[in-house]
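Some notes on the structure that comes next.
What follows is calculated from the coordinates using simple rules that are stated; it is not laboratory data. All values derive from a computational prediction rather than experimental measurement. Because the Cβ atoms are built from the backbone with ideal geometry, glycine has one as well, and the counts that use them run over all protein chains shown.
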Amino acid sequence: MSQPHSSAKPDLQLHPAMPAGEAVRHILQNLLEAMEANEEGTCAARDPEFLHDFRVAVRRTRSALSQIKGVLPAPILERFRPEFAWLGEITGPTRDLDVFLLRYEDYRESLPEEFRDALEPLGRFLKAHQRTEQSRLAEELASPRYRQLKKEWADFLAAPGTQASPPHAERPVAEIAGKRIRKVLRRAIREGEAIGEDSRPEDLHELRKTCKKLRYLLEFFRSLYPPQKIARLIRALKTLQDNLGDFQDLQVQLASLQKFADQMAAEGEIPPRSLLAMGMLIEGLQRRQRQARNEFADRFAEFSREKNLRLFEELFAGTEPSSKEKTMGSCLKGKSENKPKEGTYQCDKCGAVSKKKGHLCKPDKLSGKDVKKIEKKTRKSKGK
């Protein structure tokens with residue numbers, strides 16, 4: 001029997017001077033091969049890991065199409081971004097139910113012994129709905145739409161054609177990789193530093209998504225950098241990701257269990273003791289989520305410590321000055337504000353502030369928390 005196929009081949013070798021367009025096609029070809037290797041096992045539902053690895057390859061493909069900018073032709077992005085988003089959508093429900101079934105025994109064991117059997121209606125519900133979703137997924141992966149997507153995508157990767165070359169396609173891949181990694185790292189640090197005790201779960205979820213983008217970039221381009229050093233940064237990031245992932249997974253589990261209870265009640269399949277058992281299960285998940293939330297500050301501080309940031313700078317420093325080295329307002333295309341205000345925009349490149357987004361090269365809209373953070377840093381710098 002074939003085994004699930006990881007979407008991150010260790011033997012994918014890029015070279016610093018390789019044109020970025022060629023390097024990205026190598027990465028995307030690697031991911032397509034991972035999708036195809038897991039396709040049959042996903043359709044046959046042989047092992048949940050086939051679908052998991054299929055989804056990872058799809059997710060990384062979507063990340064590459066959105067994160068590595070100016071390298072692939074615009075018509076290609078317009079054609080394939082929606083299609084890979086569709087693949088993410090159709091595989092999600094089955095994977096969610098797979099995960100619940102994989103955790104089912106742990107759920108039972110977390111309950112007092114006298115309530116474990118009361119969870120059996122939930123188990124039957126999950127299995128029935130998983131079979132339904134799995135059948136739908138197999139039909140979608142046998143559809144003309146999916147076959148056409150695979151054919152056209154493989155054709156493009158094998159022979160990019162004669163379309164006009166995008167602006168960065170011929171630039172060295174190391175230059176493109178370093179610039180993009182620096183930008184996403186700055187965003188991760190900015191988002192993490194803005195998270196406080198009163199931050200919403202959505203704020204942690206946004207940071208989780210940014211960290212995932214950073215992780216994918218580091219893994220796409222890891223062969224360009226010293227193995228031990230890039231591995232150290234990936235490990236440091238993974239520790240933070242594990243915490244953010246636990247928090248978000250628990251958030252999803254809590255919402256899903258409440259939805260399942262409503263569905264089971266509507267289908268007439270939830271005895272009172274089962275409802276009580278699910279309530280106890282939800283309470284236990286809430287305690288675990290609070291614990292993950294309490295651990296966030298230490299995990300983020302560990303990731304963003306000076307030693308790691310110096311290593312990021314060492315590996316990914318570009319020839320252009322960093323955002324801290326640029327003169328304030330050096331790329332402003334209009335009137336600057338005297339100070340940051342909520343609802344204004346701050347250039348991620350030179351730090352200038354403007355009411356109009358179009359006046360800045362790399363605009364980020366400022367929230368009230370962003371403004372307070374900037375003001376706090378300003379006061380500290382003046383006090384030195």
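Only one residue of PRO121, THR132, PRO19 has its Cα farthest out toward the positive end of the dipole of segment 7-161, where Lys and Arg carry +1 and Asp and Glu -1 on Cβ, and that residue is PRO19.
Taking the Cα centre of segment 172-320 as origin and charging only Cβ (+1 Lys, Arg; -1 Asp, Glu), how large is the dipole, in debye to the nearest 20? Computed charge dipole of segment 172-320: roughly 680 debye.
If you take every residue apart from LEU87 with its C-beta less than 9 Å away from the C-beta of LEU87, what net charge results, scoring Lys and Arg +1 and Asp and Glu -1? Neighbour charge sum, excluding LEU87 itself: -1. Each of LEU97, LEU51, TRP153 was scored by the projection of its Cα onto the charge dipole of segment 7-161, and the greatest displacement toward the positive side belongs to TRP153; charges sit on the C-beta of Lys, Arg, Asp and Glu. Each of SER274, GLN251, PHE300 was placed along the dipole of segment 172-320 (beta-carbon charges, centred on the mean Cα), and the one lying farthest toward the positive end is PHE300.
Each pair of Cα atoms in segment 7-161 enters the Kirkwood radius, and Stokes-Einstein at 20 °C and 1.002 mPa s then converts it into a translational diffusion coefficient of 123 µm²/s.
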